[in-house]
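One structure is given here, and the rest of the page talks about it.
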Amino acid sequence: MSIDIRLSNEKLQHESTDFSAERPLHLVIPGDIITREAGYMRGHGTYMENDVLYASVAGCVEKVNKLICVKPLKSRYTGEVGDVVIGRIIEVGQKRWRVETHSKLDSVLHLSSVNLPGGELRKRSEEDERMMRNYLQEGDLISAEVQSVYADGSLSLHTRSLKYGKLGQGSLLQVPASLVRRRKNHFHNLPCGASVIIGNNGYIWICPTINEQSDKTGGFVTNYERVNSSTREVIARLMNCATALAENMVVIYDTTLLCAHEFSLKYEVKELIKPDIAKEIALLTKQKIHNNDY
Amino acid sequence: MDVILSKSEKIFLTHGIEEGIREDGRAPDDYRTIDLELSVVPNANGSSRIKLGNSDVLAGVKCEIGEPDPGRPNEGKIIFNVDCSANAGTEWEGRGGDDLEIEISEFLSKAYSNKSCLDLQILGLIPGEQCWHLYIDVLILRNGGNILDAVSLAVKSALYDTEIPKVLIKMSEKGQSEVELTDNPSDYIIMSTENCPIFVSICKLGKGHVVDATAKESACTMAKIVSAVRKDGMITASQKKCSGSLQESSVLEMYEHCRKVGMELNKTLISKLSEAKNAPIVGFLA
């Protein structure tokens with residue numbers, strides 16, 4: 001049994017050293033002046049007052065020609081076509097599922113944009129419409145790709161590839177979407193013995209290793225077998241590493257996750273949820289990434 | 001609690017608990033790190049803030065002079081009030097948190113109604129006429145699972161922090177007694193909180209049971225037993241929650257577990273409280 005009570009000021013003593021570092025210039029908080037120069041265009045996350053451009057959210061400044069935007073550090077996910085996302089079915093509707101993807105509006109998955117079990121391409125019959133809840137029901141998790149973005153910002157998803165589809169056993173973790181780096185591949189079979197899907201929407205799925213050939217069934221064959229305890233421990237460790245990275249605002253992609261996993265090996269899995277150990281691992285990872293310049 | 005999980009996620013979680021490896025690597029009877037701070041609200045007579053993992057609870061104690069209950073003329077009163085902040089989750093918006101608020105405050109009153117928990121005699125001023133009323137207000141700022149345990153820890157800590165001003169009782173010319181507060185702010189009394197109970201919630205998932213369940217774990221809990229445990233292991237109140245039923249053997253096993261964990265938790269908290277009393281105040285803006 002472990003019960004760990006600490007005082008809030010102990011935490012502060014550990015953290016106070018961090019404030020010595022100067023804030024990078026491109027990071028702003030609401031009310032910061034971005035520029036006094038005229039001729040810039042006001043983008044998202046900014047406002048103009050007396051010809052001075054201010055930030056209205058906390059985040060980093062992005063400049064495209066004359067357009068200045070502030071990309072918030074913590075916000076709902078704004079989708080882009082081609083993004084890999086993880087979502088949860090929250091409603092089965094007429095020829096579509098409503099999916100929660102941590103964006104401002106719920107996303108939709110049309111019956112016509114899923115691979116149905118059995119055949120690659122076949123006509124969707126009325127039978128399929130009635131069977132929709134048998135394929136995906138409320139609460140199910142899916143991995144999918146953004147097919148299109150509607151005018152109001154809501155997303156339409158598709159799972160028309162065998163790598164997408166329903167997710168089986170594993171753990172879901174939510175991190176700020178701005179911490180996930182866009183990469184060519186978001187599906188990783190990590191050498192430490194687990195698979196992760198790092199969704200662009202900030203949802204991270206960690207599960208037992210997926211076998212390339214036999215397991216890619218689009219998720220319609222669910223496996224309820226017991227996961228052995230060593231795999232379970234690896235999943236828990238990765239989960240805690242990802243939480244540690246997210247809490248200390250370190251970018252998350254396969255390399256950082258593996259780095260953090262490597263640094264975490266000297267601790268027991270349950271020690272990783274302690275805030276100071278989590279912080280240490282995140283800082284080590286940050287340093288290593290910085291030095292190697294990935 | 002607004003967590004939905006898919007069937008396979010539930011199975012993964014439950015199997016893990018049966019094997020003794022939880023989702024975040026904890027063993028079944030491990031707590032998450034508890035952050036404790038006292039005197040966070042300067043206007044209250046006593047206050048505390050507890051962070052248990054992602055759960056965040058603020059408790060404050062306010063003393064007021066009022067009339068005692070006719071049945072207990074020599075004793076003061078404690079009144080619990082719980083408020084679920086709508087910031088903690090959309091399910092608590094508007095009147096959404098009302099049921100939970102009432103449930104928690106009722107359970108707190110029940111747990112503290114045992115005479116051995118808190119010496120209410122010390123709160124009596126003029127028998128039958130005036131006594132101290134302690135308003136204990138709990139604000140739930142964030143819900144990350146296991147709210148009840150966090151609330152009880154916050155209440156106990158806030159009571160520990162409470163300083164009740166000393167009063168002088170004078171006889172007026174008409175022969176009536178009058179209450180007068182002292183001018184000296186450092187003249188106060190402190191209640192003994194050693195025996196205040198702490199809630200221990202034990203959730204049954206599959207064949208195993210766990211303490212300090214996260215929001216996800218509570219979403220797949222079949223049955224849950226919450227007990228108010230004193231430092232000597234006595235249980236002053238208890239409650240069963242969730243829809244599942246329990247067999248007698250597992251009930252007894254869970255109670256024994258509650259007592260064991262509760263005693264340990266009490267011991268750790270009591271030893272930390274004296275340290276916390278003199279610690280500098282960090283507050284909310286740190």
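Remarks
- Yes/no for A:Val149 being in the same structural domain as A:Pro30 (by TED's automatic domain parsing) and on the phi < 0 side of the Ramachandran plot: no
- Within the stretch B:14-43, considering residues that are free of Cβ contacts under 8 Å to residues at least 40 places away in the same chain and more than 7 Å from chain A (Cβ to nearest Cβ), the one nearest to A:Arg232 (Cα to Cα): B:Val41
- Hey, B:Tyr160 in contact with a Pro (Cβ under 9 Å, 6 or more places away or on another chain) and closer than 20 Å to B:Val200 by Cβ or not: no
- Matching residues in the stretch B:234-248 - criterion: being over 12 Å from B:Lys204 (Cβ atoms) and among the hydroxyl-bearing types (Ser, Thr, Tyr): B:Thr236, B:Ser238
- Failed condition for B:Tyr160, given (1) farther than 30 Å from B:Glu19 by Cβ; (2) in contact with a Cys (Cβ under 9 Å, 6 or more places away or on another chain); (3) not in a helix (DSSP H, G or I): (3)
- Test: residue in the stretch B:229-251 that is in a strand (DSSP E or B), buried (at least 21 other Cβ atoms within 10 Å of the Cβ) and either at pLDDT below 90 or under 18 Å from the mean Cα position of the chain (by Cα) (or both): yes
- Only one of the listed residues (A:Leu105, A:Leu73, A:Leu162, A:Leu111) is under 30 Å from A:Val250 (Cβ atoms), free of Cβ contacts under 8 Å to residues at least 60 places away in the same chain, surrounded by fewer than 22 Cβ atoms within 10 Å (Cβ to Cβ) and not charged (D, E, K, R). That residue is A:Leu105.
- Taken over the stretch B:268-286, the criterion of being of a type outside the set (A, V, I, L, M, F, W, C), out of contact with any helix residue (DSSP H, G or I) (no Cβ under 8 Å at 6 or more places or on another chain), assigned to a helix (DSSP H, G or I) and more than 9 Å from chain A (Cβ to nearest Cβ) is satisfied by B:Ser274 alone.
- Test: residue in the stretch B:210-226 that is under 30 Å from B:Glu163 (Cα atoms), more than 14 Å from chain A (Cβ to nearest Cβ) and crowded, with 19+ Cβ neighbours inside 10 Å: yes
- Verdict on B:Gly76 being over 14 Å from the mean Cα position of the chain (by Cα), crowded, with 19+ Cβ neighbours inside 10 Å and within 14 Å of chain A (Cβ to nearest Cβ): no
- Apart from one condition, A:Tyr224 fits all of (1) modelled with pLDDT of 90 or more; (2) more than 23 Å from A:Tyr77 (Cα to Cα); the exception is (1).
- Checked against the criterion of being crowded, with 19+ Cβ neighbours inside 10 Å and either in contact (Cβ under 8 Å) with a residue 12 or more places away in the chain or under 28 Å from A:Arg226 (Cα atoms) (or both), the candidates A:Ser178, A:Ser143 yield just one match: A:Ser143.
- Which numbered condition A:Ser264 fails, given (1) more than 15 Å from A:Ile204 (Cβ to Cβ); (2) more than 8 Å from chain B (Cβ to nearest Cβ); (3) in contact (Cβ under 8 Å) with a residue 40 or more places away in the chain; (4) crowded, with 16+ Cβ neighbours inside 10 Å: (3)
- The residues of the stretch B:137-176 that are buried (at least 23 other Cβ atoms within 10 Å of the Cβ), in contact with a Lys or Arg (Cβ under 8 Å, 6 or more places away or on another chain) and within 15 Å of B:Val41 (Cα to Cα), listed by number, are B:Ala154, B:Tyr160, B:Asp161.
- Taking the criterion of being of a type in the set (Val, Ile, Thr), at pLDDT 90 or above and assigned to a strand (DSSP E or B), the residues of the stretch B:118-155 that qualify are B:Ile136, B:Val138, B:Ile140.
- Sub-8 Å Cβ pairs linking a first residue in the stretch B:117-133 that is farther than 15 Å from B:Glu178 by Cβ to a second residue that is in a strand (DSSP E or B) and small (Gly, Ala, Ser), at least 6 apart or interchain, are B:Trp132/B:Gly66; B:Trp132/B:Gly124; B:His133/B:Gly66, ordered by first then second residue.
- The stretch A:132-169: number of residues that are closer than 15 Å to A:His110 by Cβ and either within 14 Å of another protein chain (Cβ to nearest Cβ) or out of contact with any strand residue (DSSP E or B) (no Cβ under 9 Å at 6 or more places or on another chain) (or both): 4
- Restricting attention to the stretch B:87-114 and to residues that are in contact (Cβ under 8 Å) with a residue 60 or more places away in the chain and over 18 Å from B:Lys156 (Cα atoms), the residue that is surrounded by the most Cβ atoms within 10 Å (Cβ to Cβ) turns out to be B:Gly89.
- Set A:Glu37, A:Glu49, A:Glu80, A:Glu91: member being charged (D, E, K, R) and within 14 Å of chain B (Cβ to nearest Cβ): A:Glu91
The values are calculated or read from the model by the stated rules, or taken from the named source; none is laboratory data. Quantities reported herein were computed from a predicted structural model and do not represent experimental measurements. Don't worry about glycine lacking a Cβ; one is built from the backbone with ideal geometry, like all the others, and counts go over all protein chains shown.
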